[in-house]
Amino acid sequence: MCGMNIVEIMTLGFLSEEPLCGYRLRKKMEQLQGYARAFSDGTLHSVTGKFVEAGYLGESFKVVNGRRLREFHLEQAGRDKLIDELSNADGYMLTDITKWSVVMSFLSVIPDEEKRREVLRRRLAVLDGDARRMYSDGEGSIDNDKLTDKYRIAITAIHDAEIEAEYKWLEKELGE
């Protein structure tokens, strides 16, 4: 199972693309995941501090418009950590759509095509499972055709359409 949370993965992922100051890094995170959660400066400061100390990130300081700006860049150890985390994504990183969208956003960082395909196959296996059943009677999943509440029927239809679109893309991408 992935040992990093989505804030940590996004930190390394966005910094794999270019050096960024904390403000721009947070804005990129909000663009990708802000609909699902808020990101505080304190959370990001904690992660970047921990990653600088671990040698995953380097930092430099420059003056822009009279203000001291702290900019982060990804070190090779950070790239290696990100590749390892993405390559071994499983559990909630594959089953939770908000976490999966973060993993998938940075899959291109993995240099080995076959390792990327292995991650996609694991996600496809999730979709082949019980992913379409969203509701339970407390003892087991309720088949979607047994739902009677119109709002639950609607959210299930939307959910199923998303799964179907992703499933088709995964099959095409994997050639399966």
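Data for the structure
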quantity: Count - residues of region 53-80 that are at pLDDT 95 or above, more than 21 Å from the chain's Cα centre (by Cα) and not in a strand (DSSP E or B); calculated: 3
quantity: Output for region 147-162, where each listed residue is over 20 Å from residue 97 (Cβ atoms) and loosely packed, with under 10 Cβ neighbours inside 10 Å; calculated: 148, 150
quantity: Matching residues in region 38-49 - criterion: being touching a residue at least 12 places away in the same chain (Cβ under 8 Å) and of a type outside the set (S, T, N, Q); calculated: 39, 41, 44, 45, 47
quantity: Residue ID - farthest from the chain's Cα centre (by Cα), chosen from residues in region 84-94 that are under 15 Å from residue 10 (Cβ atoms) and of a type outside the set (Gly, Ala, Ser); calculated: 85
quantity: Members of region 30-55 that are of a type outside the set (S, T, N, Q) and closer than 20 Å to residue 95 by Cα; calculated: 32, 34, 35, 36, 37
quantity: Residue ID - modelled with the lowest pLDDT, chosen from residues in region 32-52 that are closer than 28 Å to residue 110 by Cβ and of a type in the set (A, V, I, L, M, F, W, C); calculated: 36
quantity: Index of the failed condition, residue 105 passing every other in (1) surrounded by 14 or more Cβ atoms within 10 Å (Cβ to Cβ); (2) touching a strand residue (DSSP E or B) at 6+ places or on another chain (Cβ under 7 Å); calculated: (2)
quantity: Scope region 12-31; condition touching a residue at least 60 places away in the same chain (Cβ under 8 Å) and surrounded by 18 or more Cβ atoms within 10 Å (Cβ to Cβ); matching residues; calculated: 12, 13, 15
quantity: Residues located in region 8-38, provided they are within 14 Å of the chain's Cα centre (by Cα) and of a type in the set (Phe, Trp, Tyr); calculated: 14, 35
quantity: Region 108-129 - residue that is within 14 Å of residue 93 (Cβ to Cβ) and modelled with pLDDT under 95 and, of those, surrounded by the most Cβ atoms within 10 Å (Cβ to Cβ); calculated: 126
quantity: Top-ranked residue in region 39-53 [being touching a strand residue (DSSP E or B) at 6+ places or on another chain (Cβ under 8 Å) and not hydroxyl-bearing (Ser, Thr, Tyr); ranked as surrounded by the fewest Cβ atoms within 10 Å (Cβ to Cβ)]; calculated: 52
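The values are calculated or read from the model by the stated rules, or taken from the named source; none is laboratory data. Quick caveat, the model's predicted, so the values are computed rather than measured. Glycine gets a Cβ as well: all are built from the backbone with ideal geometry, and neighbour counts include every protein chain shown.
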